[in-house]
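The values are calculated or read from the model by the stated rules, or taken from the named source; none is laboratory data. Everything numeric here is computed off the predicted structure, so don't read it as measured data. Ideal geometry is used to build each Cβ from the backbone, glycine not excepted, and the neighbour counts take in all protein chains shown. To get the accessible areas, we keep the full protein, side chains included, count just its heavy atoms, and leave off ligands, DNA and RNA. Shrake-Rupley method; radii C 1.70, N 1.55, O 1.52, S 1.80 Å.
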Amino acid sequence: MEKLFSIIFLFTFSINVNAQVEKDTLKVLFVGNSFTYYYNLPQVVKAMSNNSETIYIDSYHSLVGGSNLSHHLNQEKGSRTIEMLNKEAYDYVVLNHHSLAATDNVNSFFEISEKIVDLIRSKGAKPLFMVTWAYRDNPQMLESISKVYNDMAERLDVDLVPCGSLFERALSRDPILDLYSDDKHPSNLGTYLNGLAFFKYFTGEKTLDFNKRITKFDENGQVLYLLLLNQSDADLLQNVVDDYDFKTRLN
């Protein structure tokens with residue numbers, strides 16, 4: 001009887017473990033500039049996906065400081081985007097326009113967006129745009145940025161992750177929250193907020209109770225600390241993302 005109980009227990013335990021570790025994997029390529037590579041956003045999103053019950057995000061990146069998407073299309077400034085799209089199949093390609101692209105030349109913004117969306121779809125992947133945020137000393141930028149991105153999303157039938165609006169919402173709750181490393185680049189808090197937003201988009205799950213420390217393991221199995229926050233800041237940013245109503249991938 002004892003032996004039978006042990007067998008049943010081990011069998012049940014095995015089923016539960018398998019249920020916990022079996023997730024769908026999304027292969028995601030991040031394309032852009034320093035707004036994405038500050039504090040390693042692609043790795044942060046990948047690490048955050050360990051919290052998901054359903055999705056594991058395998059992230060890759062082609063990021064060039066100061067670049068716009070035309071540099072990636074034309075293989076300039078050392079961009080490897082075209083090479084990567086030709087060699088590998090991705091489920092999603094996250095696109096990070098230059099922070100002034102939506103305000104400096106709207107016609108060029110639409111033209112470049114359409115070209116890169118067509119390219120990504122021709123490779124069997126889904127394009128996804130990160131809506132950038134206003135500069136620290138010019139919060140009025142966001143209204144123009146959001147309008148142009150929304151118009152583009154409707155015209156090209158693409159999804160957006162509203163990082164700019166989430167920055168604004170977080171600062172409305174705590175005006176001294178330091179989301180910036182300088183006048184425009186995200187701090188560790190800003191990148192944590194962006195990571196939560198992408199997690200919500202890809203999984204459709206809540207972020208409440210995420211760890212305030214985001215870690216990964218290196219090739220030797222040692223822990224690397226990507227982001228370290230205090231608990232109150234982590235709680236605030238999780239609540240901002242969970243409370244914000246934006247389109248999520250629910251199927």
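May I ask for the longest run of the chain untouched by GluC sites (Glu not before Pro) that are loop-located per DSSP and have at most 15 neighbouring C-beta atoms (other than their own) within 10 Å? Don't skip to the end; give the middle numbers.
Details: sites that count: GLU22, GLU53, GLU76, GLU88, GLU219.
With a cap of 15 other Cβ atoms within 10 Å, the longest stretch comes to 89-218.
Might you work out the accessible area of PHE167 for me, using a 1.4 Å probe with all protein chains in place, and round it to the nearest 10 Å²?
The value for PHE167 is about 0 Å².
Starting from a Cα-only point model with no solvent, please compute log10 I(q)/I(0) by Debye for the chain at q = 0.11, 0.14 1/Å.
Calculated log10 I(q)/I(0) at the listed q: -0.59, -0.93.
How much accessible surface does TYR39 have with a 1.4 Å probe, in Å² rounded to 10?
90 Å²
Accessible surface of SER122 in the full protein assembly, 1.4 angstrom probe, to the nearest 10 Å²?
The value for SER122 is about 80 Å².
Relative to the first principal axis of the alpha-carbon coordinates of the chain, what is the inclination of helix 141-156, with its axis defined by its Cα atoms, in degrees from 0 to 90 and to the nearest 10?
80 degrees
Using the alpha-carbon atoms, what tilt in degrees (0 to 90, nearest 10) does helix 188-203 show relative to the longest principal axis of the chain?
The angle comes out near 70 degrees.
Measure nothing fancy, just the Cα-based angle from helix 231-243's long axis to the longest principal axis of the chain, in degrees from 0 to 90, nearest 10.
70 degrees
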